[in-house]
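Since the structure comes first, as structure tokens, the remarks are kept for the end.
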Amino acid sequence: MIGLVTVCYAVGPQIIARSMGGLSGVGVVAAAFAVVALVHAVPAGMQLAHAAPHGSAIVAVVVLGLVCTASGLPVFYALIWEAGPVRATVVAYINPAVAVLAGVLVLHESFDAGTAAGYALVIAGSFSPGARRLSRS
């Protein structure tokens, strides 16, 4: 599933920019969520837990889904239409760097040499798509 998500992050903005430019961002997000729900229904059903998750875990998933995903994806699709698919995907590249920084600052996680090297690679890689595009402007 991680490989599939990686491919979708790379290809999705291209498809949206070329084929769905005139459509509502909310409609595109709703259709994407419907497809994802259908694709995951069978594997999720096969892996049902024997016990219900803790209430705080359910609340966390609902808040992340409603606040972060449901509000963030329409903004992301608007960014694709405004900045183009290549520059818009830089947001997805920076997510791991933000997560590492938040883990260090909020959760006091360690930041060792391997983490620093990975962080530097993510930040450097996030500049390259935007930089090539800017040089042509």
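The values are calculated or read from the model by the stated rules, or taken from the named source; none is laboratory data. Here the structure is a predicted model, which is why all the values come from computation and not from measurement. Note that each Cβ is placed from the backbone with ideal geometry, even for glycine, and that neighbours are counted across all protein chains shown.
Worth a mention:
- For the range 47-59, the criterion of a residue being under 24 Å from Ala120 (Cβ atoms), without any contact (Cβ under 8 Å) to a residue 60 or more places away in the chain and assigned to a helix (DSSP H, G or I) is satisfied by no position.
- Against the numbered list (1) touching a helix residue (DSSP H, G or I) at 6+ places or on another chain (Cβ under 6 Å); (2) over 24 Å from Gly125 (Cβ atoms), Ala34 comes up short only at (1).
- Residue pairs meeting the criteria (Cβ under 8 Å; at least 6 apart or on separate chains; first in contact (Cβ under 8 Å) with a residue 60 or more places away in the chain and assigned to a helix (DSSP H, G or I), in the range 13-38; second surrounded by 12 or more Cβ atoms within 10 Å (Cβ to Cβ) and small (Gly, Ala, Ser)): Pro13/Ala88; Ala17/Gly84
- Boolean, Gly27 is closer than 26 Å to Ser126 by Cα, of a type outside the set (S, T, N, Q) and modelled with pLDDT under 80: no
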